[in-house]
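Here the structure is laid out as structure tokens; the discussion comes afterwards.
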Amino acid sequence: MRWASWQWDVSIAPLDINRFNSSKSNIKMLEAAALSIPCLVSPAPPYADFCKKSKLLRQHLLCYSLRDWETKIEAVVRNKDLRLALGAEMRKVAGEFDALEVSKQWRKLFSELAA
């Protein structure tokens, strides 16, 4: 994984809230979680769904406004303990991700669309 060689301490994934972005996956969150680094995100559904599995992630990673982005980026950059705790929590939540269940949901959707 190329990300690992870059040794980042934090990741960001800002998205406009729109229909197209709502249909994306949470891959950015999973990639950051694999490296145990926090990923600050917009509350677009794929990211909000990931964060809502943890109070800690909801509180520190979801950015609803420009002020949230500024405050939360500064907090994770300045506070190593918070950054490490968020990274560990990201990894824990990602460990609960069930790709097989997601593939079943997609299969069901495609079957309904094809019917």
Determine the dipole magnitude for the chain: charges of +1 sit on the beta-carbon of Lys and Arg, -1 on that of Asp and Glu, nothing else is charged, the reference point is the Cα centre, and the result goes in debye to the nearest 20.
100
Between LEU66 and ASP49, what is the label-point separation in nm under the 7 Å Cα-to-beta-carbon projection?
3.1
Once fully extended, how much extra length lies between ALA85 and LYS108, figured as 0.36 nm per residue of separation less the alpha-carbon to alpha-carbon distance?
4.6 nm
Taking amide hydrogens as modeled 1.01 Å from N in the peptide plane, which residues meet the under 5 Å criterion relative to CYS39, leaving out close sequence neighbours?
SER11
Any idea what diffusion coefficient the stretch 71-115 gets from Stokes-Einstein, in µm²/s, Kirkwood Rh on alpha carbon pairs, 10 °C, 1.306 mPa s?
120
Kindly provide the chymotrypsin sites (Phe, Trp or Tyr not before Pro) of the stretch 21-80 that DSSP labels as loop, not H, G, I, E or B, and whose Cβ sees at most 15 other Cβ atoms within 10 Å.
TYR64
DSSP-loop trypsin sites (Lys or Arg not before Pro) across the stretch 1-50, with at most 14 other Cβ within 10 angstrom
LYS24
Mind checking the stretch 44-102 for GluC sites (Glu not before Pro) that DSSP puts in a loop (not H, G, I, E or B) and that have at most 12 other Cβ atoms within 10 Å?
GLU96
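Values in this text are rule-based calculations from the coordinates and carry no lab data. Quick caveat, the model's predicted, so the values are computed rather than measured. With ideal geometry, Cβ positions are generated from the backbone for all residues, glycine too; neighbour counts draw on all protein chains shown.
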